[in-house]
1. Cα atoms only: what Rg and Dmax, in Å, come out for the stretch 69-122?
2. Which whole-Hz ³J(HN,Hα) couplings does the stretch 220-229 yield from phi under the Karplus relation 6.51 cos²θ - 1.76 cosθ + 1.60, θ = phi - 60°, glycine and proline marked x?
3. For n ≥ 4 DSSP H runs only, could you compute -39500 (n - 2.57) per run for the chain, divide by its residues and tell me the 222 nm figure to the nearest 500?
4. Working from Cα positions, state the angle (0 to 90°, nearest 10) between the long axis of helix 95-108 and the longest principal axis of the chain.
5. Quick check: convex hull of the Cα atoms in the stretch 123-188, volume per residue, rounded to a whole Å³?
6. Calculate the tail of P(r) for the chain: the fraction of all Cα-Cα distances greater than 30 Å, expressed in %.
7. Give me the Kirkwood hydrodynamic radius of the stretch 161-251, using the inverse of the mean 1/r over all pairs of distinct Cα atoms, in Å to one decimal.
8. Just how large is the dipole of the chain about the Cα centre, in debye to the nearest 20, putting +1 at every Lys and Arg Cβ and -1 at every Asp and Glu Cβ?
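Computed from the coordinates by the stated procedures, all read-outs in this text should not be read as laboratory data. None of the values given here were measured: they were computed from a predicted structure. Positions of Cβ are generated from backbone atoms using ideal geometry, with glycine treated the same way; all protein chains shown enter the neighbour counts.
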Amino acid sequence: MKIAVCFKVVPDDQDILVNSDRSLDYSKAQQIVSTYDLNAIEVAAQLASTHEASLVALTAGSALIDSSKLKKGVLSRGVDELFMIADDACTNMDALATAAALADLVTKNGGFDLIICGDGSADNFARQVDVQLAAKLGLPVVTSASKLAIEAGALVVERSLEDVIEVVRVSMPAVVSVTPDAALPRIPGMKEIVAAGKKPSEVQASGSSVVSALEVLDCRAPEQVARKLQVIDASQDGAIEQFVAALKAAV
């Protein structure tokens, strides 16, 4: 059995700076794996271990994602092999372009019985890559999976919806996206990190033109609301009433 897990590399939001005109400065932001995709990698690693399957990680992005530290971080989480498209032509891809790039990787390194994605990306959270990837590959897709099991060559998926838990059985190969509570990401130890440096990884340029359906015209931080800086002296009579009244006015 062969399992693939797709992940996205995003700028660490703790390192993103906001300029005076509210534009965003990513120049000092470290490239990290999207938080939701860490859950997907762990789910895939656990399934691969249980069923003695090989696990391949796939990603596409700008040339910045070609980082030794980042690749070791992924390969140290139970992943056997890594394939990535690292090309500046893939900068700021939307869901359509991302799905197309991942579909190319799947096709070139095919034979996958299961393709696992995260619930969404930490930056845009469009929740579209999984379904569009499945459409391009002509495979069934199940979203919002909180629990996965492989039984008799089929995938049994538990979906935690708003007011009901749904159980779906789907034939493989298939694409599935998992929610953050599907698995808690592991913290790799030094042994796993050292071993990751010896695992195979392949970095390639984009093999086709990148076509996005969306055009981002501008991206800015929201305007900050001016604080009233109202101070109420608790020792004064009626201070609690003033505080409650101020809260009600603010709401």
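1. So, for the stretch 69-122, Rg and Dmax equal 12.3, 30 Å respectively.
2. Coupling constants for the stretch 220-229: 9, 6, x, 5, 7, 7, 5, 7, 6, 6 Hz.
3. Numbers: 6 runs with 66 residues, N = 251.
Taking each H run of at least 4 residues, the total per residue is -8000 deg cm²/dmol.
4. On a 0 to 90 degree scale, this one is about 20.
5. Convex hull volume per residue, Cα atoms: 127 Å³.
6. Tail of P(r) above 30 Å: 36 percent of Cα pairs.
7. This gives a value of 22.5 Å.
8. Working: 22 positive and 33 negative charges, 125 e Å.
For the chain, the charge dipole is close to 600 debye.
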